[in-house]
1. Output the qualifying pairs, or none if there are none: Cβ atoms under 6 angstrom, residues six or more apart or on different chains, first residue in segment 96-119 and closer than 11 Å to F139 by Cβ and touching a residue at least 40 places away in the same chain (Cβ under 8 Å), second residue part of a helix (DSSP H, G or I) and charged (D, E, K, R).
2. Identify all residues within segment 157-172 that are buried (at least 20 other Cβ atoms within 10 Å of the Cβ) and among the charged types (D, E, K, R); write none if there are none.
3. Return yes when D131 is surrounded by fewer than 23 Cβ atoms within 10 Å (Cβ to Cβ) and either at pLDDT below 95 or closer than 27 Å to E283 by Cβ (or both) and no when it is not.
4. Residues in segment 175-183: is at least one at pLDDT 75 or above, of a type in the set (K, R), in contact with an Asp or Glu (Cβ under 7 Å, 6 or more places away or on another chain) and not in a helix (DSSP H, G or I)?
5. Taking I99, is it outside any loop (DSSP other than H, G, I, E, B) and over 21 Å from F242 (Cα atoms)?
6. What pairs can you find where one residue is in segment 174-188 and within 15 Å of V126 (Cβ to Cβ), the other is of a type outside the set (D, E, K, R) and at pLDDT below 75, and their Cβ atoms are less than 6 Å apart, with a gap of 6+ or different chains?
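The values are calculated or read from the model by the stated rules, or taken from the named source; none is laboratory data. These figures come from a predicted structure and were not determined experimentally. Every residue, glycine as well, gets a Cβ built from its backbone with ideal geometry; the counts of neighbours run over all protein chains shown.
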Amino acid sequence: MADSIQTALRALGVLAAALLAALLGYVLLYRVPADLTDLLGILLTVALVLAAVRLAARALESRFADYNVAEVEVSGPITRDGGGGRLPRSPSTPDADEIVEGIERADEDPNVDALMVKLNTPGGEVVPSDDIRLAAAEFDGPTLGYATDLCASGGMWIAAGCDELWARDASLVGSIGVRFSQTRFDEFADRYGVSYERIVSGDYKDSLGAPFKELEPRERTYLQGLSDAWYDTFVERVAESFDMTETAVRDTEARVFLGEDAVEMGLVTALGTDEDVEDRVEELLGEEVVRREFEPERGLAERLRSGAASVAFAVGAGAASVVAGEDGLEF
């Protein structure tokens with residue numbers, strides 16, 4: 001009953017704000033300035049109404065909130081801008097910055113006491129993964145990650161920022177390793193007479209991003225050192241977070257494990273569904289849990305662009321997945 005009253009109050013508040021904004025816009029932008037066209041007045045009034053509704057909805061949602069737990073989702077390849085990686089990514093999928101923004105909004109929301117991080121990712125770029133991990137680690141309250149289908153590589157890096165990691169018995173968890181890859185065209189260039197000329201300053205400046213130049217042994221050693229350094233940090237993070245020895249983490253050899261095996265190894269806290277994780281949060285908070293998903297805040301123009309991009313993605317994803325490269329440093 002209380003939930004129904006709160007919902008009705010929020011709806012009435014938004015409606016009142018919309019009517020007030022519409023009246024004010026009509027008077028100021030349509031009736032008074034005689035030289036303004038009807039179309040301009042209507043358009044400006046609509047814009048004012050939309051802005052007022054959005055602000056009122058946000059204020060009333062916080063005032064009459066019926067949630068106390070925030071949920072953010074990490075789905076698909078982890079990237080900075082929603083693109084890149086070896087697999088195409090849906091434009092509607094939040095990128096790392098949007099996920100971080102959602103966690104920070106949840107942390108600033110006085111109604112949120114705990115955070116649930118839904119993980120279904122094969123991994124992705126290193127620094128964006130670390131941005132999400134830091135945001136989760138800095139959240140002021142219990143932070144529980146839970147894996148659905150897959151929590152691999154960068155997903156495990158993010159999980160290291162959570163207090164606990166849950167998974168399903170059929171979830172795949174692990175792949176604690178680093179991949180440093182480049183697409184090479186030097187043999188192709190030699191075969192077809194394509195020349196590559198470079199002007200660089202610094203011995204190792206051309207070690208990255210030079211697909212038409214054969215990788216020299218010293219450059220390979222240099223890049224292997226970077227990969228090993230990230231791997232050492234990865235192992236250290238996971239060992240510290242999951243209370244494992246670094247040797248035990250290295251012994252996984254970047255393999256993935258089913259949920260039950262991951263629990264026995266110490267990579268997963270417990271098995272269960274998201275409802276089981278909810279029960280665990282209730283136990284930690286000592287009160288009933290009501291979840292709210294914190295999605296990226298996108299304007300109308302951005303939503304329209306995302307919708308059009310999603311259509312293009314659906315058409316071209318299959319072909320793109322065949323020809324996409326795998327360059328760069330990734331978990």
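1. Listed by first residue and then by second, the contacts come to nothing, as the list is empty.
2. Listed by number, the list holds a single entry, R168.
3. Details: surrounded by fewer than 23 Cβ atoms within 10 Å (Cβ to Cβ): yes; either at pLDDT below 95 or closer than 27 Å to E283 by Cβ (or both): no.
Answer is no for this residue.
4. yes
5. Judged against the criteria, I99 is a match.
6. Here the result reads F180/L329, each pair linking segment 174-188 to a residue that is of a type outside the set (D, E, K, R) and at pLDDT below 75.
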